Structures are given as C-alpha cells and as structure tokens.
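A.B. asks: Here it is, the structure, as structure tokens.
Values in this text are rule-based calculations from the coordinates and carry no lab data. Since this is a predicted model, take the numbers as computed values, not measurements. Here the Cβ positions follow ideal geometry from the backbone for every residue, glycine too, while neighbour counts run over all protein chains shown.
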Amino acid sequence: QVQLVESGGGLVQAGDSLSLSCAASGGTFSSYTVAWFRQAPGKEREFVVVITWSGGTNYANSVKGRFTISRDNTKNTVRLQMNNLKPEDTATYYCAAARYLAASSGRPQQYTYWGQGTQVTVSS
C-alpha cells in the first residue's frame, strides 16, 4: 500500500510560480510512475504531467514549457515546478502512482494510488 501526500498549493497571481510536492510512503518508490492530474470545479479530472519509474516524462500541451516535473528517489518525492501560472491553471492538483506505467499513461483509471489533493488558485 502506497500513501501519497501533496503539498505546496496556494493562492498566487498570474505569472507567478509555485512548487508542488508529492511525498510517497509504503512502497518501493523507484518502481512507481507518478503523475499529476488536476480538476477544476465542474470539470473532469485532467492529466497534467507524468514521470515514469525510469525518469521519462510527458506533459500536457497546456503546460508544456511552463511546468517541470522531477523526482528524487532517495527522498521518495516528486516535485512539480509551475512557472508563468495562468488563471486557467486553477484547480485541485492530485498526484497519482502506479507501478511501471509508461510515459503515455494519461488516464486516471491507470493509476492505483492517489493523494488527497492540494488547491492551486491563480488570480488574474
């Protein structure tokens, strides 16, 4: 059983930066692919970015060039650096994990473990 805990959300202005963290416990972290999803009120949960167990990454077009994902297997954490934030980035951000998924894994149903979410609000 893997537990995921997100942190780092908050209220920022458009153009600002924010860093989210996803801390994992209870499993062999290095074998897990970790993704970030987000969900705005009234909308479906959408894929943001993934980093595979082997370090491969894949970004949604809407965040490419602005967001950067990284992982530290020694600390069992995944970090999401978000730059040049826009009001449309406002959502609850969730990290999710599953073992040995490929970088093409962008559907929520593919992920086994989920965090509780952290709110990101970007004002214009």
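A.B. asks: Roughly how many debye, to the nearest 20, is the charge dipole of the chain about its Cα centre, given +1 on each Lys and Arg Cβ, -1 on each Asp and Glu Cβ, and no other charges?
C.D. replies: Here the chain has a charge dipole of around 200 debye.
A.B. asks: Would you mind finding the longest exposed-site-free stretch of the chain, with exposed trypsin sites (Lys or Arg not before Pro) meaning DSSP loop and at most 11 other Cβ atoms within 10 Å?
C.D. replies: Details: sites that count: Lys43, Lys64.
So the longest stretch without any such site is 65-124.
A.B. asks: If R0 is 25 Å, what FRET efficiency do you get for Ala40 and Lys75 from their C-beta distance, rounded to 0.05?
C.D. replies: Approximately 0.25, to the nearest 0.05.
A.B. asks: Show which lysines lie in cross-link reach of Lys43 when reach means a straight Cα distance below 20 angstrom and same-chain residues fewer than eight apart are skipped.
C.D. replies: Within the straight-line limit of under 20 Å, Lys43 reaches these lysines: Lys86.
A.B. asks: Also, quick follow-up: Work out, in µm²/s and without decimals, the Stokes-Einstein translational diffusion coefficient of segment 1-67 at 20 °C, 1.002 mPa s, Rh from Kirkwood over C-alpha pairs. Before the final figure, lay out each step's value.
C.D. replies: Values: Rh = 13.7 Å.
Answer, rounded: 156 µm²/s.
A.B. asks: So, one more: Once you list every other residue whose beta carbon is under 13 Å from the beta carbon of Thr52, what net charge do they have if Lys and Arg are +1 and Asp and Glu are -1?
C.D. replies: Taking every Cβ under 13 Å from that of Thr52, the sum is +2.
A.B. asks: Also, I was wondering about something else. Work out the length of the dipole vector of segment 66-124 about its Cα centre, built from +1 on the beta-carbon of each Lys and Arg and -1 on the beta-carbon of each Asp and Glu, and round it to the nearest 20 debye.
C.D. replies: 180
A.B. asks: Normalised by the empirical 2.2 N^0.38 Å for globular proteins, what value does the Cα Rg of segment 19-124 take?
C.D. replies: 0.99
A.B. asks: Taking 7 Å along the Cα-to-C-beta vector as the label spot, tell me the Gln13-Ser54 distance in nanometres, rounded to one decimal.
C.D. replies: If labels sit at Gln13 and Ser54, their model points lie 4.5 nm apart.
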